[in-house]
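> Below is a structure I'd like to ask you about.
The values are calculated or read from the model by the stated rules, or taken from the named source; none is laboratory data. This one's a predicted model, so the numbers in the text were calculated from it and none came from an experiment. Positions of Cβ are backbone-derived with ideal geometry, glycine not excepted, and every protein chain shown enters the neighbour counts. With ligands, DNA and RNA removed, areas are computed over all heavy atoms of the protein, side chains included. Shrake-Rupley method; radii C 1.70, N 1.55, O 1.52, S 1.80 Å.
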Amino acid sequence: MMDLARTLTDPGNLIAVAVAVVVFATILTLALPMLNRGGLDQRMKSVAQRRDELRRRSRQALARDREGNLRHVDEGFLKRVVDKLNLKTLLEDPKVVDKMAQAGFRGPRPVTTFYFFRFAAPFILAVIAGGYVYFVNDFGLSSTMKLVVLMGAFVVGFYGPNLYVENIATKRRTKIMQAFPDALDLLLICVEAGMSIEAAIQKVSQEIGGSSIELAEELSLLVAELSYLPERRMAYEGLAKRTNHPGVKAVATAMIQAEKYGTPLGTALRVMAKENREMRLSAAEKKAAALPAQLTVPMILFFLPVLFVAILGPAIIKVQDILGKGG
C-alpha cells in the first residue's frame, strides 16, 4: 500500500501523467474536426425523423389526448432507479426540462439521466476524494480539513450536473446567435420572394446548416411544430424558450404579432435582422474591450520576463566580460 501511495505521489509520475493528458487533449482537438464532418447530415436526418414522428403522433391525437400521446416512453436502468428512489420529487426542479431543451437534450431520457447523476455524483466524488485523502495522500491535513474536503466534493458533485447543462446551453446559444442575423436576412429574402413562412423557414434551415448546425436544427423543429401544434403562437414561443435569448424572443414576438394582427412580416423581419446584427456587433465590441484586461496577467507572467532577458542579457554579459578581464 505504501509503495502504491509513493508511486501515485511521486512528482515525476505526476508530471508524466500531466504531459500525457496534454498530448492526448492536443491530438483529440486536432482529430475532432475530421471526425465530425458528417455531423450536419446526421443531425438533419434525426430532425427529419423527429418531424415525421411528431406528425404521426399529431394524427393519433385526433382520437386521444394530445399530451399523453406526445410523451415519449423512457425505459431502462436509470429510469427504474429514478422512479424507485422518487428522485424527481426529491430533487424537483421545475425548470429542468427547459434547461435540457436549451442545451439540446430533448425527451424524457435526458431528464432521467440528469436526475440520476445529480443524485449519484455527490456520493461518487465524495468516495473518490475520501479514498485519496485518507488512503493515498493526506497532504498533512487534519481530520477537520479532511471532512471539509469531503463536503466540498459532495457539493461539487451536487451542483456539477447543473453547471454542465448550463455550460452546454451557453455554448449552444452562442453558436446559434452567431448565425441568427444571417438566417433572418435569408428568411426576409424568402418571404419577400413570395414563399410561405413554413417553406421559408425550412429553406433557411437547409442553407444555414453549414454555419450553425444548432440553428438549423431549431428551425427544422420550428417547422415541425408549426405543422402539428394547434396554435402557431405556441411554436414561436417554443423557439424562444429553447434558445433563451432576447434577440430570438423579440423575433418570435414580432412573428406572433404579424400572425395575429396581419402586419407585414417583411418589415418586422428587416427591423429584427438589423437589431440582431447590432447585438452581435456590440457583443464583439464588448469582447474586444475586455481583451486588454484579460491579457494583463499573461503579459506579466510570460512576456515581461522574456523582455527583461532580451534587454538586460547583453548588458549583463558585457559587465561579466569587463569584470573578468579586470580580474
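> Order 303-314, 236-247, 133-144 from most to least packed using the mean count of other Cβ atoms within 10 Å. Intermediate results must be reported in sequence, preceding the final value.
Working: 303-314: 10.1, 236-247: 19.2, 133-144: 11.7.
Highest to lowest by the protection proxy: 236-247, 133-144, 303-314.
> In nm, what is the difference between 0.36 nm times the number of residues separating SER142 and ILE124 and their Cα-Cα distance? Display every interim value, and only then the final one.
Working: separation 18, 0.36 × 18 = 6.48 nm, distance 2.23 nm.
Residue separation times 0.36 nm, minus the Cα-Cα distance, leaves 4.3 nm.
> Measuring from label point to label point, each 7 Å out along Cα→Cβ, what is the GLN294 to THR253 span in nm?
It works out to 3.0 nm between the two label points.
> Rounded to the nearest 0.05, what FRET efficiency do ILE15 and LYS274 have when you use their Cβ-Cβ distance and R0 = 45 Å?
Working: r = 54 Å, r/R0 = 1.20.
Calculated transfer efficiency: 0.25.
> Here is a further query. At 0.692 mPa s and 37 °C, plugging the Kirkwood radius over alpha-carbon pairs of the range 107-148 into Stokes-Einstein gives what diffusion coefficient in µm²/s?
It diffuses with D of about 274 µm²/s by this estimate.
> Let me ask another. For VAL23 and ARG233, FRET efficiency with R0 = 45 Å and r from the beta-carbon atoms, rounded to 0.05? Before the final figure, lay out the partial values.
Values: r = 53 Å, r/R0 = 1.17.
Rounded to the nearest 0.05, the efficiency is 0.30.
> Would you check the accessible area of ARG109, probe 1.4 Å, heavy atoms only, in square angstrom rounded to 10?
That residue has around 140 Å² of solvent-accessible surface.
> Continuing with the same structure: Would you rank TYR115, TYR132, TYR261, TYR228 by solvent-accessible area, highest first, keeping every protein chain in place and using a 1.4 Å probe? Mind showing how you got there, number by number?
On the way: TYR115 10, TYR132 85, TYR261 150, TYR228 45 Å².
In descending accessible area the options line up as TYR261, TYR132, TYR228, TYR115.
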